[in-house]
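Trainee: Mind having a look at this structure? Questions to follow.
The values are calculated or read from the model by the stated rules, or taken from the named source; none is laboratory data. Please read all numbers here as calculations on a predicted model, not as lab measurements. Neighbour counts are summed over all protein chains in view; Cβ atoms, including those assigned to glycine, are modelled from backbone coordinates with ideal geometry.
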Amino acid sequence: MIMVTGSLANQRCSFYVLLLSIAFFIHNSGATKNSLNQQSSRCGLHATIVRQVEREGFHRDLGSLVELVAQNPLEWQNCTVALQETIPSGLYVNQDQLLDLERQGILTACPETFVDVEAAQWQSESFNVLVYSSLQTALNLLYAHIRMPIHLRYHAPTETGGYAGVYIPPPKLFIRCSNEITCGNKDSYFSAPCDGCTGSSCSWLPLQFNTNTPQQGLRVMVPVGNKSLLPVVNAVTFLVTGGGCLYILSILVSTWK
Amino acid sequence: MKHFLFGLTIRLVLILYGEFHDKTFVVPFTDVDYKVFTDAARNVLMGASPYSRHTYRYSPLVAYVLTPNIFVHQAFGKILFSVLDLLMAHLIHRLMLKRNVSSQKAHLSALFWLYNPISVVISTRGNADTLSSLLVTATLLCLYAGKPAWAGIVHGLCIHMRLYPVVFSLPLYLSLSSGSRFSLVTASDRGKSNICDKSGSSSEGPLTKDGPSASNESSGLFVEFKRIFIPNKSQIKLVLGCSSALLLLTAAFYWLYGYHFLFESMIFHLVRKDIRHNFSVYFYLQYLSAGAVVSIWQRILMFVPQLFLLLALSVRYGRMVDLPFCLLAQTIVIVMYNPVITSQYFVWFLSLLPACIPMLDLTLKQAAFHSVVWIVAQLAWLLPAYWLEFRGEDTFVYIWLQGIAFFCANMTLLARLIEAYKPVQEVAKKPKVKSK
């Protein structure tokens, strides 16, 4: 079996994507929390996340372009953003692959639970992953381009086969700065590790954002087996394995001296 | 010697290329498991259990041996496996000489391993199966050297490293039998095979020599029965060596790492059931019936053909002269009937092939034909598998059909090998080179 550990090596022209995405059709991501909205505007930050799933097949990349338009960009230069992704049961991230990416300094992403990379969809549950990224600056725009490798799980076969859909819901966005953020409402702060999978806990300011992700999430299609073929598969497989056995036995007998 | 240096150079160049390849391309050159070994070695160095690395399913010894991956260089393991490859070629050479094969053919067999593109790629990708292949060959060598206790110990270690050689136990045991069916010297080729006399049966010469003699007819079935079913000294040594090595290792690592070790390195391989696509003929069947209760007859149907074949091959080829071929044929059977097959399993039988080549009565043309068929059948499977895994297309049925085709190709190959196999004394004098 071929297995691929997706490489994030090429951070290809993130600026190009950035420009494109500004012209991108962006609509609101449902659930508007008033307090969050007020908070974002109080802090003078307007966030958008442009999301897309890259590559085909069972090994993909979940790309998120986080953009913050700041009234006072200097204030946010030493900040880190974190995305809390909900990985549905139909997908997984490979913890060891993520550790490798962290060692190479490409991506810091931490699953909140142990992830069984071999389990099928129906044996799995959704879980959260915290993804960290520092911010880059372009004029009054702060942005982070995050690409996280995700893998599809095998799904249960259906009566007709074909494809099943997996939906990746929009993430939650948080920000933390080395200097204290004064504009936030202390009650809404979220507590999570400061900058790695383990270590001390920090307070993160949640941010409201706009995104291109549809309400139900980004859809990824995964091929599934056709259960109606089971009787045929059963019969042919055992006919072949049984036949193979008899064939070899007959050869053994015929060459017996 | 110059071949050894050249073989090593090829491997080192390929290891260097691998470093470059992995940085450049999406599909890595390095084996997936090599990363697993490295991570497990890191855990060991930090004082943790190698099994805290998810999907580490090997003996802790592998992680110990590869700890220099962390503190010397990441490619250490690959270089080690390449050196073991050279050692393997050397052992094959010695094994062939022990079996009275002409030194020219022994040389060719060793070269077949040294320059075999598959063995080169396997070791440089960092696949640890080179290690178990080496141990299997070492077991044979000990047996031929007339050291059944050592053979047992190495065999036990081998089972500890990789579970599959456990099926070799029966033919290994039978090959030491004093019964005339299994003993080295059968009535027909008694005169010709003086090599076997001094190798395997040295520890109980008188018994074996009496075995096939004229008195056999009068002494009757009872003696024969006794010779087959009552273990002799060599057999007891083999069994004791094997079980003590295996038990000692298992107990030691159980004490160190607990049930986790037992499950990951042993039980897992017995109950392994992977619904994801692989070369196995049973892949689609298992995927489609996943989640449902597996009926008892389905279990029996999956188990029985394999059992019959393994038993039949043990009885037919469980003789000292036929041992390498017996293990080769058995390995093909267990691999092809396994519910999960990944390409690393092919190393298992490829490593036994060189030792059998001089006994295969095949022309170069036939050998090339079989090799091509085998490789094409594999590539034909890889095509739909690529479309499924990397393009997300629903190609399950094609993968299943190619799995069946691959199974048939292997069964046909096994049949041709059985037909072409001639024990060493009977092969015509002219040298024949054979691959696959």
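Trainee: Check the range B:30-44 and report whether any residue there is aliphatic (A, V, I, L, M), over 30 Å from B:PHE263 (Cβ atoms), facing another protein chain (nearest Cβ under 10 Å) and surrounded by fewer than 21 Cβ atoms within 10 Å (Cβ to Cβ). Outline the logic, then answer.
Mentor: Quick first cut of the range B:30-44, residues aliphatic (A, V, I, L, M) only: B:32, B:36, B:40-41, B:44.
Pick out the ones that are also over 30 Å from B:PHE263 (Cβ atoms) and you get none.
For the range B:30-44, residues aliphatic (A, V, I, L, M), over 30 Å from B:PHE263 (Cβ atoms), facing another protein chain (nearest Cβ under 10 Å) and surrounded by fewer than 21 Cβ atoms within 10 Å (Cβ to Cβ): absent.
Trainee: Here's a follow-up. Report every pair of residues separated by at least 6 positions or lying on different chains whose Cβ atoms are under 8 Å apart, first residue within the range A:109-127 and among the charged types (D, E, K, R), second outside any loop (DSSP other than H, G, I, E, B).
Mentor: Note: pairs meeting the criteria are A:GLU112/A:PHE127; A:GLU112/A:ASN128; A:GLU112/A:VAL129; A:GLU112/A:LEU130; A:ASP116/A:TYR92; A:ASP116/A:GLN123.
Trainee: Considering each residue of the range A:211-248, count those that are more than 8 Å from chain B (Cβ to nearest Cβ) and crowded, with 17+ Cβ neighbours inside 10 Å, and give that number.
Mentor: Residues in the range A:211-248 being more than 8 Å from chain B (Cβ to nearest Cβ) and crowded, with 17+ Cβ neighbours inside 10 Å: 5 in total.
Trainee: I'm told A:ASN128 meets every condition in (1) more than 14 Å from chain B (Cβ to nearest Cβ); (2) surrounded by fewer than 20 Cβ atoms within 10 Å (Cβ to Cβ); (3) within 16 Å of the chain's Cα centre (by Cα); (4) in a loop (DSSP other than H, G, I, E, B) except one. Can you identify the failing condition by its number?
Mentor: (4)
Trainee: Would a scan of the range B:5-26 turn up a residue that is within 14 Å of chain A (Cβ to nearest Cβ), outside any helix (DSSP H, G or I), under 19 Å from A:ASN94 (Cβ atoms) and not small (Gly, Ala, Ser)?
Mentor: yes
Trainee: Just to be sure, is A:VAL81 buried (at least 19 other Cβ atoms within 10 Å of the Cβ) and modelled with pLDDT of 90 or more? Steps first, please.
Mentor: Working: buried (at least 19 other Cβ atoms within 10 Å of the Cβ): yes; modelled with pLDDT of 90 or more: yes.
Criteria met by A:VAL81.
Trainee: Identify the single condition in (1) within 14 Å of chain B (Cβ to nearest Cβ); (2) in contact with a Gly (Cβ under 7 Å, 6 or more places away or on another chain); (3) among the hydroxyl-bearing types (Ser, Thr, Tyr) that A:TYR154 does not satisfy, given that it satisfies every other one.
Mentor: All conditions are met except number (2).
Trainee: Something else about it: Taking B:PHE112 as meeting all but one of (1) surrounded by fewer than 23 Cβ atoms within 10 Å (Cβ to Cβ); (2) outside any helix (DSSP H, G or I), write down the number of the exception.
Mentor: The single condition B:PHE112 does not satisfy is (2).
Trainee: What single numbered condition from (1) surrounded by 19 or more Cβ atoms within 10 Å (Cβ to Cβ); (2) within 14 Å of chain A (Cβ to nearest Cβ) fails to hold for B:LEU66?
Mentor: Exception for B:LEU66: condition (2).
Trainee: Here's another thing I want to ask about it. From the list B:LEU383, B:LEU362, pick out the single residue that is modelled with pLDDT of 95 or more and out of contact with any Ser or Thr (no Cβ under 8 Å at 6 or more places or on another chain).
Mentor: After ruling out the rest, the residue left standing is B:LEU383.
Trainee: Restricting the search to the range B:277-294, which residues are within 10 Å of another protein chain (Cβ to nearest Cβ) and surrounded by fewer than 17 Cβ atoms within 10 Å (Cβ to Cβ)?
Mentor: B:GLY291, B:ALA292
Trainee: Given the condition more than 20 Å from the chain's Cα centre (by Cα) and basic (Lys, Arg), answer yes or no: does some residue in the range A:159-173 qualify?
Mentor: No; the residues of the range A:159-173 include none that is more than 20 Å from the chain's Cα centre (by Cα) and basic (Lys, Arg).
Trainee: Does any residue of the range B:364-380 turn out to be surrounded by fewer than 16 Cβ atoms within 10 Å (Cβ to Cβ), within 14 Å of chain A (Cβ to nearest Cβ) and without any contact (Cβ under 8 Å) to a residue 60 or more places away in the chain?
Mentor: Checked the range B:364-380: at least one residue is surrounded by fewer than 16 Cβ atoms within 10 Å (Cβ to Cβ), within 14 Å of chain A (Cβ to nearest Cβ) and without any contact (Cβ under 8 Å) to a residue 60 or more places away in the chain.
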